[in-house]
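Asks: Handing you this structure, nothing more for now.
Each reported figure results from applying straightforward, stated rules to the coordinates on display, with no laboratory input. For clarity, every value in this text was computed on a predicted model and none was experimentally measured. Quick reminder, even Gly has a Cβ in these numbers, built from the backbone with ideal geometry, and neighbours come from all protein chains shown.
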Amino acid sequence: MTACRYLLRLILGTIEGMTPSPAVSAAGTLAADHPLMDGRTADSPLITAYRGGKPSRRPVWFMRQAGRSLPEYLKVREGIAMLDSCLRPELASEITLQPVRRHDVDAGIFFSDIVIPLKLAGVGVDIVPGVGPVLDKPVRTAADVAALPKLTWEALEPIREAVRLTVAELGKTPLIGFAGAPFTLAAYMVEGKPSRDHLGPRTMMHADPETWNALANWAADASGLFLRAQLEAGASAGQLFDSWAGSLGLADYQRFVAAASSRALDHVRQLGAPLIHFGTGTSELLVAMRDVGVDVVGVDYRLPLDEANRRLGGSVPLQGNIDPALLSAPWDVLEAHVRQVIAAGAGAPGHVLNLGHGVPPETDPDVLTRVVKLIHSISPE
């Protein structure tokens, strides 16, 4: 197969191996024993709020709640590389469960990494301590995209097994699946490592849009399949993280990114689970991020929730947006801030408390537990 033909198949979405699971019926419904279908999580505070209903208590969970802020996490991760820990189902499940046990949050967030789909596809990538994801070889030309290996459904079995183990322990507490959005995943692939300004992918969009579109579609299908594996195996909601979309202007996001994000979600939207879209530095992109087709919009700490709701026309529930920096502030300062966030989110169709980014590694876990207790003590009315 020539590189041009391969690129065309990428753009048209006909990559062999990136097909939906046969476990899903033609109607696209989840299995009868899925937590959303058998009554375990459908009426939980989290899912109720995501669907715009009135929850029995005010729901809260934290991005990066499973991780370096917990001493039990550091203990079980001793001597184990990051990506290896994501691909050991028993270990990934245990790490996912740790903050639920400790903090009484209203959801588990599946412990993994956005580059796991690359790893499982056979792309050379590792997490370098102090640096982040580093690829053996950046993807910068049409030939590089044409040479990318396929992600198959079979390769995702460690992910499905980890989810199955986790939901069996969570009971009525929902698990949230996640995947990196295509722009963030493709940005890592072009740069070959983390970047401050993402000049590489931003240049490629304009200088070689055909190659960019092919790469973005590859990333969309990889992320979409990764998210689908989690939802089919038992996750009750799915979140698309676009960590680096804030480096884009609105016009570039709409022209070069939105269609790929929508394509990623096409893999899962017929399953009926609530879908959340979150990005950092994306205050000017919120409407476009909603318009890719999601049920909930996550808002980072930069924009008050009442303003976010105004920009979105009161059309969707919101998630967020406690400032992570205030987790180390005096309690009276943090408590006042949490109450302010709750008040600002009151006008939205629904509101799930979260941070406006991830839990900093130096956070005192007892503070998070105290924040959860505070939020649960405030009536959802």
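Asks: Based only on Cα atoms, what mean projected area does the convex hull of the range 153-260 have, in nm²? Present the calculation step by step, with values, prior to reporting the outcome.
Replies: Numbers: hull surface 30.1 nm².
The Cα convex hull of the range 153-260, projected and averaged over all directions, gives 7.5 nm².
Asks: With charges set only on the Cβ (+1 for Lys and Arg, -1 for Asp and Glu), what does the dipole of the range 3-377 come to about its Cα centre, in debye to the nearest 20?
Replies: Details: 35 positive and 40 negative charges, 86 e Å.
That gives the range 3-377 a dipole magnitude of about 420 debye.
Asks: To make sure I understand, if each residue's beta carbon is the centre and we count other beta carbons within 10 Å, what order do Arg202, Arg102 fall in, fewest to most?
Replies: Numbers: Arg202 21, Arg102 18.
Result, fewest neighbours first: Arg102, Arg202.
Asks: Still on this structure, I have one more. Output ³J(HN,Hα) for the range 32-47: one whole-Hz value per residue in order, computed from phi by the Karplus curve 6.51 cos²θ - 1.76 cosθ + 1.60 with θ = phi - 60°, and x for Gly and Pro.
Replies: 4, 8, 6, x, 6, 9, 9, x, 5, 10, 4, 9, 5, x, 5, 5
Asks: Right, next: Which length gain, in nm to one decimal place, applies between Thr369 and Lys172 when the Cα-Cα distance is subtracted from 0.36 nm times their residue separation?
Replies: On the way: separation 197, 0.36 × 197 = 70.92 nm, distance 1.96 nm.
Here the answer is 69.0 nm.
Asks: Which distance in Å, rounded to a whole number, links the C-alpha centroids of the range 71-145 and the range 159-228?
Replies: 13 Å
Asks: Another question, then. Modelling each spin label as a point 7 Å along the Cα-to-Cβ direction, I'd like the Asp38/Ser377 distance in nm, to one decimal.
Replies: Once both label points are built, they end up 3.7 nm from each other.
Asks: Within the set Lys75/Lys137; Lys193/Lys373; Lys54/Lys172; Lys75/Lys150, which residue pairs have Cα atoms separated by over 27 Å?
Replies: Working: Lys75/Lys137 33 Å; Lys193/Lys373 39 Å; Lys54/Lys172 17 Å; Lys75/Lys150 35 Å.
Too far apart for the 27 Å limit: Lys75/Lys137; Lys193/Lys373; Lys75/Lys150.
Asks: Hull surface divided by four, with the convex hull built on the Cα atoms of the range 278-347: how many nm²? Before the final figure, lay out each step's value.
Replies: On the way: hull surface 17.4 nm².
Over all viewing directions, the range 278-347 projects a mean Cα-hull area of 4.3 nm².
Asks: On a 0 to 90 degree scale, rounded to 10, what angle separates helix 157-170 from the longest Cα axis of the chain?
Replies: Computed tilt is about 10 degrees.
Asks: Going by how many other beta carbons lie within 10 Å of each one, how would you line up Val76, Val316, fewest first? Don't skip to the end; give the middle numbers.
Replies: Numbers: Val76 14, Val316 22.
The order, fewest Cβ neighbours first, is Val76, Val316.
Asks: Please compute, over every Cα-Cα pair in the chain, the percentage with a separation greater than 40 angstrom. Write out the running numbers ahead of the final one.
Replies: On the way: 6465 of 72390 pairs.
Cα-Cα pairs of the chain separated by over 40 Å account for 9 percent.
Asks: I need the peptides 321-329, 238-246 ranked by packing, meaning the mean over residues of other C-beta atoms within 10 angstrom, with the highest value on top. Write out the running numbers ahead of the final one.
Replies: Numbers: 321-329: 18.3, 238-246: 24.9.
Taking the mean over residues of other Cβ atoms within 10 Å, the ranking is 238-246, 321-329.
Asks: Turning to a different aspect of this structure: Within a 10 angstrom radius of the beta carbon, how do His277, His103 rank from fewest other beta carbons to most? Walk me through the numbers on the way to the answer.
Replies: On the way: His277 29, His103 21.
Starting with the residue having the fewest Cβ neighbours, the order is His103, His277.
Asks: Label Lys137 and Arg339 with points 7 Å out from Cα along Cα→Cβ: what is the distance between them in nm?
Replies: Once both label points are built, they end up 5.9 nm from each other.
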